[in-house]
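**Q** Shown below is the structure under consideration.
The values are calculated or read from the model by the stated rules, or taken from the named source; none is laboratory data. Quick caveat, the model's predicted, so the values are computed rather than measured.
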Amino acid sequence: MTTSEYNRSVMEYSDGVFRFILKQLKDSERARDIVQDTWEKLWLNRDAVDIQKVKSWVYTTAYHRMIDVIRVEKRMIPKDEMPDYRTTEGQPSTDLNKWLHQALDLLPEIQKTVVLLRDYEGYSYQEIGEICELNESQVKVYIYRARLAMQKYLVSIETVI
């Protein structure tokens, strides 16, 4: 990969990678750090990365870096101090976007990741499989289960309101 190809990749994919990580972490500073680490890693491995697969490589690397950050933080924060996203503020709301994000936050990490890649970023099942190191049928199963869980959560919220 040449310097100009690297720079073009940064321009094309930085925003998408940042959005993907930000949706999961909900912390723009940590998301920026992960994206920066990803681009640094690409620069250090530029000779080994094929320009045709750079997008997949960048998303995969950012995803794995995000998982590493989450694992380290889980060890550092006691479980009883973790915020409980399942509770609502106690006031009825019809803001669907808010409810969707709450439902998304309740999903296991892998389901949340595949849903974000599919529905927010528009990746194909095959591309998601490459990024998350899953086969295509596993991706489909995770997306199906995630959507069912989200639907169940949203229907239960609807009955409360």
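**Q** Limited to the range 38-59, what total is found for residues that are of a type in the set (S, T, N, Q) and either modelled with pLDDT of 90 or more or more than 18 Å from Gly129 (Cα to Cα) (or both)?
**A** Selection size over the range 38-59: 2.
**Q** Return the only residue of Lys79, Lys26, Lys74 being of a type outside the set (Asp, Glu), modelled with pLDDT under 85 and over 24 Å from Val114 (Cα atoms).
**A** Lys79
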